[in-house]
Amino acid sequence: MFRRSASFAIAGLTMLGTISQSAAGGRAVECYEPVRTPAVYDTVYEDVMVSPPGQQVDYTPPIYGTRERVVMTVPAQVSYEVVPAITRTVYHTVQVDDGGYSWEWRVIHGRRVLCKTWHKARYERVAETVVIQPARTRRVVIPAQYDRIAEEVLIQPEQRRIIDVPASYQTVARRVVVREGSSGWRRVHIPRHCQD
């Protein structure tokens with residue numbers, strides 16, 4: 001405040017001195033000129049947060065594949081069946097009539113007469129079924145049936161991983177005032193020949 005008042009006082013004196021010199025034709029004792037000091041700027045670099053810190057979920061879906069395996073579709077079974085007997089036909093000659101005497105009516109010379117007649121023994125061929133192997137029960141095993149089937153299997157389960165994401169920063173430039181500009185007065189040296 002004192003400097004500003006002194007500056008105004010000096011300016012007033014100068015103006016008075018100028019007025020009095022030009023008006024009265026007096027000699028300049030001392031002179032001042034206005035001086036403007038510009039402001040001084042500098043570039044400051046600072047980090048500015050672009051995005052805050054957070055978390056991110058990294059998800060990997062499950063992986064499936066196909067696997068073939070053999071499975072039993074029909075289990076083994078046991079059953080029993082009857083094997084029929086094995087037979088053979090054998091032929092025999094058997095006596096079917098003993099023969100001998102019998103009485104029978106005949107017609108001889110136009111007359112019907114009863115006659116005693118001799119008969120031979122009579123034989124016939126007869127078939128007979130002979131069992132070579134009797135009937136039996138046989139155990140039958142039906143083996144199990146297997147098939148190949150394709151099934152979906154899990155190779156790798158799903159995975160979830162939480163990743164911490166740090167804050168993101170960016171360097172920005174900003175101009176700042178290092179020293180404010182100022183206005184003042186500077187004394188001007190007057191050559192001697194100009195003082196007269």
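The values are calculated or read from the model by the stated rules, or taken from the named source; none is laboratory data. These numbers were taken from a predicted model, which means no experiment stands behind them. Cβ placement follows ideal geometry from the backbone for every residue including glycine, while neighbour counts extend to all protein chains displayed. When the accessible area is computed, the model is the full protein with side chains, heavy atoms only, and any ligands, DNA or RNA have been set aside. Shrake-Rupley method; radii C 1.70, N 1.55, O 1.52, S 1.80 Å.
A few notes on this one:
- For the range 122-152, a residue qualifies if it is of a type in the set (D, E, K, R) and within 15 Å of Pro84 (Cβ to Cβ), and the qualifying residues are Arg136, Arg138.
- Taking the listed residues Val153, Val140, Val130, the one that is under 30 Å from Gln77 (Cα atoms) and either at pLDDT below 90 or open to solvent by less than 100 Å² (accessible area, probe 1.4 Å) (or both) is Val140, with no other qualifying.
- Qualifying residue in the range 164-181 (condition: more than 60 Å from the chain's Cα centre (by Cα), open to solvent by 70 Å² or more (accessible area, probe 1.4 Å) and free of Cβ contacts under 8 Å to residues at least 60 places away in the same chain): no
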